[in-house]
1. Just read off the accessible area of Lys335 with the full protein assembly in place, 1.4 Å probe, to the nearest 10 Å².
2. Just to be sure I understand the model, the point goes 7 Å from the Cα along the line to the Cβ. What's the resulting Val236 to Gln318 distance in nm?
3. Order Ile178, Ile37 by their accessible area, 1.4 angstrom probe, all chains in place, largest first.
4. First measure r as the distance between the Cβ atoms of Lys169 and Ser147, then evaluate 1/(1 + (r/R0)^6) with R0 = 25 Å and state the FRET efficiency to the nearest 0.05.
5. So how much slack lies between Cys99 and Asn86, counting 0.36 nm per residue of separation and subtracting their Cα-Cα distance, in nm?
6. How much FRET efficiency would the formula 1/(1 + (r/R0)^6) give for Val332 and Glu268, where r is the Cβ-Cβ distance and R0 is 51 Å, rounded to 0.05?
7. Would you kindly find the accessible area of Val332, with a 1.4 Å probe and non-protein molecules such as ligands, DNA and RNA excluded, rounding to the nearest 10 Å²?
8. Provide Ser124, Ser199, Ser78, Ser248 ordered by accessible surface of protein heavy atoms (probe 1.4 Å), highest first.
Amino acid sequence: MFSLRSTRTPGAHYIVSIDKQPREMCCTGCQAVATAIVDNNLTDYYRFRTEISDKPDDLVPEALRQLQVYDSADLQKSFVRETGANVREASLILEGIVCAACVWLNEHHVKQLDGVLDFRINYSTHRATLKWDNARLHLSQVLQAISEIGYHAHPFDPRRLESLQKKEKSAALRRIAIAGLGMMQVMMIAIAMYIGAVSDMDTGMRDFLRWISLVMTTPVVFYSAKVFFSSAWRDVRRGRFGMDVPVSLAIAIAFTASVWATFTGGGEVYFDSVTMFTFFLLTGRYLEMAARHKSGQVAEELVRLMPATATRLRDGAQEVIPVSQLELGDYVLIKPGEAGACGWCCHRRHKQHQ
């Protein structure tokens, strides 16, 4: 690999005669290339071309260009706090988090970036707190690094978080519905095959029931269980093995073995196990997701609580004052059951942000 760098010397001029007209180049590299084009009579390409060649900016992926919007100082005013010289802090939402391994992977990956001072993710709310040195690293680079490992990050917005949670819940219910319907149908066929194994069911009927089970199991594997395969593939690409890797292997191996037995007419099939395993896993994940959403909502409501007054300790006496009058260095008495700590922190952060 190689790169071309400008070697322009201050005050120097790099002239190339093109169509008998002197043209100034920006550096020796461009002068050499332009001279080669003219000497080899290749200027007709530029004379008769129908459209302008792509600019370097056009080669930047559209997704990356969209992320660079978040580097705008005006846009960052709505979600970024300056906590020091070139030190900034922002709250983000992460999409694609399904387990604690996802949290660990993102935190480990982002913290390795030069310029990241701190990066923590709340698994319950999928909110991430990022602190970075803006002189060494831009926010778009952090978002791009997160995208490279298969996740997506956006500036925190309560309305967007609610929309993402509704979308996640709707998709989970659809997967459970398909898996549940497939499981019930395949289990009924499996019971008939179990009974037929000890009775007089002929081979033709057994093979027919196997093919019916295959047809009903296929959407369960390729739609409902797709979430496991996608997560497992993402982990394998990064050299990490999360909980979805063994789950995907179990489903894939059992389904493949059953398909082989159905085509060859021998061996055992496990379509009932595949559908039941997928359904129970998706149901468990949905219950965990619902509990996580509920706990996240409770946490958000607690954060929003800000008392109108606070009890300040000064010279051994207690004084009830408005929260807005608290200053750094004051001692505050928070009685059992009060939400003063959350309110005080929110007030201080809001005041610093202003």
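The values are calculated or read from the model by the stated rules, or taken from the named source; none is laboratory data. The shown structure was predicted, so the numbers you read here are calculated from the model rather than taken from an experiment. Neighbour counts run over all protein chains shown; Cβ positions are idealised from the backbone, glycine included. Note: areas computed on protein heavy atoms with side chains; ligands, DNA, RNA excluded. Shrake-Rupley method; radii C 1.70, N 1.55, O 1.52, S 1.80 Å.
1. 100
2. 6.3
3. Ile178, Ile37
4. Details: r = 24 Å, r/R0 = 0.95.
Result of the calculation: an efficiency of 0.60.
5. Numbers: separation 13, 0.36 × 13 = 4.68 nm, distance 3.31 nm.
Residue separation times 0.36 nm, minus the Cα-Cα distance, leaves 1.4 nm.
6. Details: r = 68 Å, r/R0 = 1.34.
With R0 = 51 Å, the Cβ-Cβ based efficiency is 0.15.
7. Ignoring ligands and nucleic acids, Val332 comes out at about 50 Å².
8. Solvent-accessible surface, decreasing: Ser78, Ser199, Ser124, Ser248.
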